[in-house]
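**Student:** Submitted below is the structure of interest, expressed as structure tokens.
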Amino acid sequence: MALVRHRRHLNLRLPLPEPSERCLRFPLPQPTTTAAKSFSTTAASSGDVIFPGDIEKLEVLGHGNGGTVYKVRDKRTSSIYALKVVQSSSDATTRRRIKTETEIHSRAADSPYVVRYHGSFESPLSGDVAILMEYMDSGTLETLLKTKGTFDEASLAKVARDVLNGLNYLHARNIVHRDIKPANLLVNSKNEVKIGDFGVSKLMCRTLDPCKSYVGTCAYMSPERFDPDAYGGNYNGYAADIWSLGLTLLELYMGHFPLLQEGQRPDWATLMWAICFGERPSLPGGVSAEFRDFVECCLKKESSERWTAPQLLTHPFLCKNDPET
Ligand SMILES: Nc1ncnc2c1ncn2[C@@H]1O[C@H](COP(=O)(O)OP(=O)(O)OP(=O)(O)O)[C@@H](O)[C@H]1O
């Protein structure tokens, strides 16, 4: 049966590398597709070179299962980045996860709809692994929902368009994200929404590789991840990302997770029952026909009927709310 992903807020603390480690260069950026190895640095494209010792921590941005994310500054240029750090003392799964995350994120380094990857670093002394990435100064959609309230249709069309452009880019590279949810969609002050956190993503060997594992956040999983035979049989991870986007949009509109009553405590059995056997989640009255249809196209229980990212990008809901038309 599925593994439920328990959120742990570990109090991981990682000092940035000591001056003695400064001989390790943290080049920014150079093309590479390799994952971090011992003593390694990897970077995204050619350009400046910075050293770990040139980076100063400013504040903690957040904690997750995978580690701690810091806001950091390059002391020489004053450029601001986000640095995700996983300590060597973390469990083996977490360490494996950050290496996969590094590899996949480095392959997805040049889309304006994906949080930009700038490089990674593995300390030979401590074994800690860090990923340097673009700093998204408005936080996540989850925090925006909590602080600013629900999103209107025009804002959701913008969110949907940005995320679909990101998914289109990833899916074309055989990458399935597997954890699309408000907490993993980051926003900057230009109001751009970008996909982040590749901690449970998967690089498919072939386009239609079945995606068998049950990683990701249980609440946003599609019905066929629990019961592939009942919902489309030939399950693939691309359609599951679209389901998660549909639920995310519903949550941002309604202000609470749509498969549970407001205030109801989520538990795995309730969620699985609601996802597989409950009514298909839908919008309340008062929304436009285009928005309702868009969400329905994302949330078709049969995975084979669910629209793909390129199809959804042409949906009337996005066309109607496109500021450029
Ligand atoms: N690029 C970024 N810019 C700004 N803040 C960020 C960035 N990346 C992550 N954060 C902040 O750090 C928090 C934790 O990040 P992230 O989700 O990547 O960690 P994680 O360990 O993979 O978490 P989980 O797997 O539990 O979702 C985010 O919720 C967000 O608040």
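**Student:** Determine, from the Cβ-Cβ distance of Thr147 and Thr100 and an R0 of 25 Å, the FRET efficiency 1/(1 + (r/R0)^6), rounded to the nearest 0.05.
**Tutor:** It comes out at approximately 0.20.
**Student:** Just to verify a number: FRET efficiency for Leu125 and Ser189, C-beta to C-beta distance, R0 = 30 Å, to 0.05?
**Tutor:** Calculated value: 0.25.
**Student:** Ranked by Cβ crowding within 10 angstrom, fewest neighbours first, how are Ser201, Ser111 ordered?
**Tutor:** Least crowded to most crowded, the residues run Ser111, Ser201.
**Student:** According to a simple spin-label model (label point 7 Å from Cα along Cα-to-Cβ), what is the distance in nm between Arg173 and Ala92?
**Tutor:** So the label points at Ala92 and Arg173 sit 2.9 nm apart.
**Student:** Which value, in debye to the nearest 20, describes the size of the charge dipole of the range 52-134 about its Cα centre when Lys and Arg Cβ atoms bear +1, Asp and Glu Cβ atoms bear -1, and nothing else is charged?
**Tutor:** 40
**Student:** Next question. What full-extension length gain, to one decimal in nm, is calculated for Ile80 and Asp267 as 0.36 nm per residue of separation minus the Cα-Cα distance?
**Tutor:** That pair, Ile80 and Asp267, stretches by 63.5 nm at full extension.
Computed from the coordinates by the stated procedures, all read-outs in this text should not be read as laboratory data. Note that the coordinates shown come from a computational prediction; the quantities given were computed from them, not determined experimentally. Note that each Cβ is placed from the backbone with ideal geometry, even for glycine, and that neighbours are counted across all protein chains shown.
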